[in-house]
Amino acid sequence: MRIVITGGAGFIGSHLCKYLLEKGHSVVCIDNFSTGAPENLPASSENGEFVFINHNITESIYLKDDIDCVLHLASPASPVDYHRLPIQTLKVGALGTLIALGLAKHKKARFLLASTSEVYGDPLVHPQVETYWGNVNPVGPRAVYDEAKRFAEALTMAYHGVHGVDTRIARIFNTYGPGMRLDDGRALPTFISQALKGEELTVFGSGEQTRSFCYISDMVEGLYLLLLSNEHEPVNLGNPEEISILQLAREIIELASSRSKIVFKPLPEDDPRLRKPDISKAKRLLNWEPKVGRREGLLKTIGYFSRKLQRVTNPSA
Ligand code: UDP
């Protein structure tokens with residue numbers, strides 16, 4: 001298949017590009033490096049053809065060739081990034097989704113939206129099941145991301161209903177692994193970077209808030225299986241193994257064999273207290289569930305960041 005990926009230079013997008021190329025598909029990656037990076041792009045491909053287009057997907061794009069699928073992943077996704085880029089985040093969720101859906105409609109292509117667990121906001125239902133409508137503050141600091149993705153889901157369903165576009169919606173929960181930015185501000189890379197540098201780990205609030213972390217290879221496989229499925233309603237993708245942020249900090253210190261201490265900082269406004277996906281639907285429909293346990297995934301990620309930090313401090317190494 002010939003597959004367009006917006007946000008293909010980002011963390012999940014770039015892993016997905018490589019996965020699809022390995023499966024022999026042709027990939028057209030659209031990105032403007034707003035939060036992604038050129039070094040994430042596949043250097044070369046032995047199987048499928050890879051094309052990169054430097055373009056902001058909030059503006060129209062015309063592609064000559066036939067396209068079988070459009071995967072819309074472009075968006076800042078870490079709270080630090082979307083606070084820094086609030087209007088760009090709203091634009092890529094709204095206008096970017098419109099352009100990507102328009103492209104899919106024009107090419108009669110299948111469309112997949114990368115949505116998020118953030119549509120559930122600070123959830124009052126736990127674990128979060130797809131039928132839960134969420135608890136989102138529309139004017140809070142996380143609103144630019146949460147509401148953009150909620151709008152994107154509504155637009156996707158409208159294009160499916162009105163224009164018959166063959167759509168999929170993935171609600172992606174916290175995902176991690178090699179290829180994340182050390183400085184993207186999220187807890188997991190921040191803690192690993194702090195632990196490796198012997199700095200204090202900055203736990204926000206009491207650290208009792210929970211998250212559930214999915215390793216990147218599991219996520220990419222889930223996205224691919226969803227793309228191949230016939231499900232138009234949203235599907236949660238994530239690892240249901242839940243952990244408190246304080247426990248995560250302790251685990252990273254242990255696995256990195258670090259002597260770092262933990263310090264507590266103020267909890268950001270509207271920080272979700274709990275997050276854990278109910279993945280029964282993905283299990284049933286896609287026969288998918290995560291395979292990589294947290295300790296295994298963390299060790300791989302710590303190894304990656306450790307090598308990256310060594311290169312920063314000693315470029316000739
Ligand atoms: N967090 C933290 N220290 C940090 C960064 C984040 O304790 O240096 C907390 C944050 O307040 C949240 C959790 O870790 O409760 C996960 O935050 P992250 O930014 O990774 O993503 P989120 O799941 O909130 O989108």
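From the list 27, 51, 80, the lone residue that is touching a residue at least 40 places away in the same chain (Cβ under 8 Å) and outside any loop (DSSP other than H, G, I, E, B) is 80.
Segment 169-246 holds strands (runs of 3 or more DSSP E) entirely within its bounds, and those carrying 2 or more residues that are over 16 Å from the mean Cα position of the chain (by Cα) map to 201-204, 242-244.
In segment 101-127, of all residues being within 16 Å of the ligand (Cβ to nearest atom) and assigned to a helix (DSSP H, G or I), the one that is nearest to residue 156 (Cα to Cα) corresponds to 119. Taking segment 21-49 as the range and being hydroxyl-bearing (Ser, Thr, Tyr), modelled with pLDDT of 95 or more and open to solvent by 40 Å² or more (accessible area, probe 1.4 Å) as the test, only 34 passes.
Which of the residues that make up segment 189-208 are within 6 Å of the ligand (Cβ to nearest atom) and hydrophobic (A, V, I, L, M, F, W, C)? 203, 204 - these are the residues of segment 189-208 that are within 6 Å of the ligand (Cβ to nearest atom) and hydrophobic (A, V, I, L, M, F, W, C). Can you tell me which residues in segment 144-188 are within 16 Å of the ligand (Cβ to nearest atom), buried (at least 20 other Cβ atoms within 10 Å of the Cβ) and free of Cβ contacts under 8 Å to residues at least 60 places away in the same chain? Scanning segment 144-188 gives 146, 147, 150.
Could you tell me how many of the residues in segment 8-20 are touching a strand residue (DSSP E or B) at 6+ places or on another chain (Cβ under 8 Å) and open to solvent by 10 Å² or more (accessible area, probe 1.4 Å)? Within segment 8-20, residues that are touching a strand residue (DSSP E or B) at 6+ places or on another chain (Cβ under 8 Å) and open to solvent by 10 Å² or more (accessible area, probe 1.4 Å) number 3.
With the requirement that a residue be hydrophobic (A, V, I, L, M, F, W, C) and without any contact (Cβ under 8 Å) to a residue 60 or more places away in the chain, what does segment 127-142 give you? Within segment 127-142, 133, 136, 139 qualify.
May I ask you to verify whether residue 227 is open to solvent by less than 20 Å² (accessible area, probe 1.4 Å), touching a helix residue (DSSP H, G or I) at 6+ places or on another chain (Cβ under 7 Å) and within 17 Å of residue 115 (Cα to Cα)?
no
The values are calculated or read from the model by the stated rules, or taken from the named source; none is laboratory data. These numbers come from a predicted model, not from an experiment. Neighbour counts run over all protein chains shown; Cβ positions are idealised from the backbone, glycine included. What goes into the accessible areas is simple: the full protein's heavy atoms, side chains included, and nothing from ligands, DNA or RNA. Shrake-Rupley method; radii C 1.70, N 1.55, O 1.52, S 1.80 Å.
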